[in-house]
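Asks: My questions all concern the structure below.
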Amino acid sequence: MTQDTRFGAFQFTSYRKEEITVLRRRSPLAGLALGLFLLLPACGTSRLTATPPPEGLIDVAVSIVPQKYFVERIGGDSVNVSVMVGPGFNPATYEPKPSQIQQLSVTQMYVRIGVPFEAAWMDRIAAANEHMLIVDQSEGVERMGGTDPHIWLSPQLAKIQAQTICDGLVEIDPDNEGFYHANLGSLLSDVDELDVSIKDTLAGLESRKLMVFHPAWSYFARDYDLEMIPVQIEGSDPSPAEMAGLIRMAKESNIKVIFAQPEFSTSSAETIADEIGGEVLLISPLAPDWLDNLQRVADTFSEVLAREQ
C-alpha cells in the first residue's frame, strides 16, 4: 500500500443541520451517505458514571471542532468548551478575535492539536493568561510526514489523545480524578468498539483505493489498510498534467467516486468525476459527533469500494 502524507491548508464552512447533505452526482449512493453530517455533538456524555464536580465549570478552549467531542466526553458536565477556529474559518490563516483572546484570560485550559494557525498564535494565546494550562493533544503521537495534523481521524491515536486530555483535566481538578477517569474509560471502550466495527465494515474488500480531494484521511487509511490518492497536494489544485494523471489512475483502478469535503470547492473533483463517468460524494473530518462520523464514513467507504472491485 502506498500513501501520500502531504497536505495543505483546510477550511471550515458553517451549515445548518437541515442543509448538510451528501452531494450526489449521478449515483444511488446518496441514500447511504445521506445524514453523514446530521450528527449530534457529544452523544456519549450520557454515559457518565460519576458525580461531576459540584463547583464552577472548568473553561476549556480548543483549536477546532472535533476536539470538543473528546473534552466533553471526558469532562462531562464539569466543562464549558469553546472552539477557537469555528465553522467558516481557515485554521491555516485564522486570527483570533480580540474577544477570544480576552476570554482566554479566564480560561483554565487550552488544548492545542497542531493545526497551522497555532504556529503563529500560540505564544500570544499563552500570554493572554499565564495561569492557563496548555495541553498538547498531539503529545505522544507520531505525525505522518512530520506535520499532518489530522490525527483525530485515527481511533487508535484518538485513545492516546483522550488520555492526554484527561491528564490535563486531572491536573486542574485533582479532587475529581475518579470522575474524569471513569469518563475516559467509557470513551476508550467506545473507541475500541468503533475500531472493531470499522475493521469489520471494511473487511474482505478487494478494491482499497480511495481518491479524495483534500488528503485528510491518511491516518484512517493507514489504520484500515486503505490507499488514499489525493487530488490536492500541499494546498494546491492539480496542474493539467497532474489532472490527466489522476484521471488515468482512476480509470485504471476502476475508481468511480471522488470524495470531497463540504469545506472546499469541489470543482477539481467534479472535473475528474466527469472524465471517468463517476460522481463526487461529500464526507467531512470535522463533524462534531466524532464517533458516529467515523462509522458513517467507514460505511460509505465500504459501499463505494464494494461497487468498484
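Asks: Could you give the alpha-carbon Rg of region 55-197 over 2.2 N^0.38 Å, rounded to two decimals? Don't jump to the answer; show the numbers that get you there.
Replies: Working: Rg = 14.8 Å, N = 143, 2.2 N^0.38 = 14.5 Å.
Normalised Cα radius of gyration, region 55-197: 1.02.
Asks: Give me the number: length gained by fully extending E142 to A120, i.e. 0.36 nm times residue separation minus the C-alpha to C-alpha distance, one decimal in nm.
Replies: Gain in length upon complete extension: 5.8 nm.
Asks: So what J values fall out for region 193-206 if you push phi through Karplus, 6.51 cos²θ - 1.76 cosθ + 1.60 with θ = phi - 60°, rounded to Hz, Gly and Pro as x?
Replies: My calculation for region 193-206 gives 5, 4, 4, 4, 5, 5, 4, 5, 4, 9, 6, x, 7, 6 Hz in order.
Asks: Continuing with this model, one more query. Long-range amide H contacts for A260: which residues qualify at under 5 Å (H placed 1.01 Å from N, peptide plane, sequence gap of 5 or more or a different chain)?
Replies: The list, which skips near neighbours in sequence, is F213, L281, L282, I283.
Asks: Work out from phi, with θ = phi - 60° and the Karplus expression 6.51 cos²θ - 1.76 cosθ + 1.60, the ³J(HN,Hα) of each residue of region 155-160, listed in order in whole Hz, and give x for Gly and Pro.
Replies: x, 5, 6, 4, 5, 5
Asks: Mind checking which of A182, W121, M132 is farthest towards the positive end of region 55-197's charge dipole, using Cβ charges of +1 (Lys, Arg) and -1 (Asp, Glu) about the Cα centre?
Replies: Looking along the dipole axis, the top candidate is W121.
Asks: While we're here: Could you derive backbone 3J(HN,Hα) for region 120-136 from the dihedral phi with the Karplus parameters 6.51, -1.76 and 1.60 (θ = phi - 60°), listing whole Hz in sequence and x where the residue is Gly or Pro?
Replies: Using θ = phi - 60°, the values come out as 8, 10, 5, 4, 6, 5, 5, 5, 5, 7, 5, 8, 6, 7, 9, 10, 9 Hz.
Asks: Can you tell me the dipole magnitude for region 55-197 around its Cα centre, using point charges on the Cβ only (Lys, Arg +1; Asp, Glu -1), in Debye to the nearest 20?
Replies: 540
Asks: Using alpha carbon centroids, what distance separates region 120-171 and region 230-309, in Å?
Replies: A separation of 29 Å, based on Cα centres.
Asks: Moving on. How much length is gained on full extension from M249 to E234, taking 0.36 nm per residue of separation minus their Cα-Cα distance?
Replies: Full-extension gain reported as 3.4 nm.
Asks: Here's another thing I want to ask about it. Arrange H181, H150 by Cβ neighbour counts within 10 Å, fewest through most, would you?
Replies: Numbers: H181 17, H150 24.
By the 10 Å Cβ count, ascending: H181, H150.
Asks: Length gain on complete extension for the stretch A127 to Q102, per 0.36 nm per residue less the alpha carbon to alpha carbon distance?
Replies: 7.9 nm
Asks: Which entries in the list K97/K199; K199/K251; K68/K199; K159/K209; K68/K256 go over 30 Å, if you measure between the two C-alpha atoms of each?
Replies: Violating the 30 Å Cα-Cα cut-off are K97/K199; K68/K256.
Throughout, read-outs are computed from the coordinates displayed, never taken from laboratory work. On a predicted model such as this, the values are computed, not experimentally measured, just so you know. Every residue, glycine among them, receives a Cβ derived from its backbone with ideal geometry; neighbour counts consider all protein chains shown.
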